[in-house]
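Written out below as structure tokens is the structure these notes cover.
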There are 2 protein chains.
Amino acid sequence: MTKAERTRHFIVEKAAPIINKKGMAATSINDIVEATALTKGSVYGNFESKDEICLEAFDYLVKRVVADMSMAMSRASTNRDKLFALFDYYFNTVAQQEGNYGCPLMNFGTEADDTNPVVKHKVSKAIQTTENLIAKIVKAGIDAGEFKPSFDAEVFSIKAFAMIEGGMWIARLQGNTKQMQVIVDALKQEINDYCK
Amino acid sequence: MTKAERTRHFIVEKAAPIINKKGMAATSINDIVEATALTKGSVYGNFESKDEICLEAFDYLVKRVVADMSMAMSRASTNRDKLFALFDYYFNTVAQQEGNYGCPLMNFGTEADDTNPVVKHKVSKAIQTTENLIAKIVKAGIDAGEFKPSFDAEVFSIKAFAMIEGGMWIARLQGNTKQMQVIVDALKQEINDYCK
DNA sequence: AATTTTTTATACCGATCGGTATATTTTAAG
DNA sequence: CTTAAAATATACCGATCGGTATAAAAAATT
């Protein structure tokens, strides 16, 4: 790992939470310079443009969410518990307000949808990946004889993901997790209803 | 209605869709000057700051959504049909891509949640109002003997609103309404299940 | 250790940002 | 029609924007 690679990574690490919080357009190079305690010349020696930093920051944030989520689910043995762990992960991250600036998919996606086709496409793919992940677990549960075959994996994955993203968005704006709790409980209830 | 009042309204009308599309921070006074074909002096003769324009634009957009939604629901006679009309309204607005830049609550809320407490509070109130509206219709349906008393109005309103906001967000990023259709169908299904 | 290459710091670029002072024009009151 | 008041246009402000040329410093190669 060369010095430049390490510095690139360092810059992304410091910039990502700021961009996730303030938005891409509202985050200035100066914000990043201050956060890294580097200079503008150093930043532009490692990145071609602010846009490139934003793209890498997005990838970094998504990778971290995926890693944390996988970690949380890995401890579960049944498919039911995997889904529960997934929902709990989302609930817990949004519940801990400290240093949590919301789901990067939501933040980057909402800003990019009418202005930044590259980011928009990245978010779109991440949405599909997450939904597929949920559907896959449901299907595995059906195959394992854990869930009833009438459990519609596609429909549930769409409903669950939309509800979780919507719920996290509401929780952040309301400043509490009351409604997110209702949503997670309802999703768990639906899973239990389809358990044999 | 004085000239100034008319001009204020005119500016808000022209600025609102731009702010909803690009975001508050990314929309410049120059964007508004161009859209209105006025001059900067004229704009600042009618508004104290860009912030004030953003606030009025938000109010304007929300009022329009509420008006359109009420109109769509007014044609329904039963509470079931009112809920159906509400869901169809959201589906139809997100389905018409032309000139639709997404739900103002979603756009303003996501940008404001970590940066603009005033807008954040406005969005928070609007979320509560919309959820209460849904819950109220469900309760009215129960009272009218239309729905089973086991239909939990609070839980349903939270689930439905989160799912619709999440669904519209997904539809805009994916560029199609496939998943929003699944969501609306699922919500209608749930209502029908609670119909007597 | 010497030298070449890479990385970082300084100083600056034109453009644009939100906002304002003031002159001109338009509107409304008498 | 006159005139006072309100609204609009012009020209400008300092600050900040993203980005760059170049010099100084640090790292890597020999």
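Remark: label point of B:CYS195 defined 7 Å out from Cα along the Cα-Cβ vector; separations to the same position in other copies 3.2 nm, ascending. Protein heavy-atom accessible surface, 1.4 Å probe, per residue over segment B:1-60: 51 Å². Rounded to the nearest 10 degrees, the angle from helix B:153-174 to the longest Cα principal axis of chain B is 50 degrees. In a DSSP loop and with at most 10 other Cβ atoms within 10 Å, the GluC sites (Glu not before Pro) in segment A:41-132 are A:GLU48, A:GLU98.
In chain B, helical runs assigned H by DSSP with n ≥ 4 each contribute -39500 (n - 2.57); averaged across all residues and rounded to the nearest 500, the mean residue ellipticity at 222 nm is -26000 deg cm²/dmol.
Comment: the Cα-to-Cβ extended label point of B:VAL118, at 7 Å, lies 3.4 nm from its counterparts in the other copies, nearest first. Charged neighbours of A:VAL182, selected by a Cβ distance under 10 Å, balance to -1 (K, R count +1; D, E count -1).
Shown for segment A:1-104: the carbon plus sulfur share of the solvent-accessible area, taken with all protein chains present and a 1.4 angstrom probe, equals 52%. Derived value for chain A: Kirkwood hydrodynamic radius 18.2 Å. Basis is the mean of 1/r over every pair of different alpha-carbon atoms. Interface of B with A. Using a 1.4 Å probe and counting protein heavy atoms only, the two chains hide about 3300 Å² of accessible surface, both sides summed.
Per-residue shielding of B:14-24, expressed as the average number of other chain Cβ atoms within 10 Å of the residue Cβ, stands at 2. Cross-link reach is defined here as a Cα-Cα straight distance under 23 Å, omitting same-chain residues fewer than 8 places apart; for B:LYS3 the lysines meeting it are B:LYS14, B:LYS40, B:LYS50, B:LYS63. Within a straight-line Cα-Cα reach of under 19 Å, A:LYS188 can be paired with the following lysines, leaving aside sequence neighbours fewer than 8 residues apart in one chain: A:LYS82, A:LYS136, A:LYS139, A:LYS148, A:LYS159, A:LYS178, A:LYS196, B:LYS159. With a Förster radius of 22 Å applied to the C-beta separation of B:THR129 and B:GLN181, the computed FRET efficiency comes to 0.25.
Here the Karplus relation 6.51 cos²θ - 1.76 cosθ + 1.60, evaluated at θ = phi - 60°, turns the backbone of segment A:30-45 into coupling constants of 4, 4, 6, 4, 5, 5, 8, 6, 9, 10, 4, x, 5, 4, 6, x Hz, with x for every Gly and Pro. Ordered by 1.4 Å accessible area with all protein chains kept, B:SER42, B:SER157 run largest first as B:SER42, B:SER157. A:GLN96 label point (Cα plus 7 Å toward Cβ) to equivalent points in the other copies: 4.5 nm, shortest first. Per residue of peptide B:168-181, the mean number of Cβ atoms on other chains within 10 Å of the residue Cβ is 5.
The values are calculated or read from the model by the stated rules, or taken from the named source; none is laboratory data. Please read these numbers as outputs of a predicted model, since none were measured by experiment. Ideal geometry is used to build each Cβ from the backbone, glycine not excepted, and the neighbour counts take in all protein chains shown. In case anyone asks, the SASA skips ligands and DNA or RNA and just uses the protein heavy atoms, side chains included. Shrake-Rupley method; radii C 1.70, N 1.55, O 1.52, S 1.80 Å.
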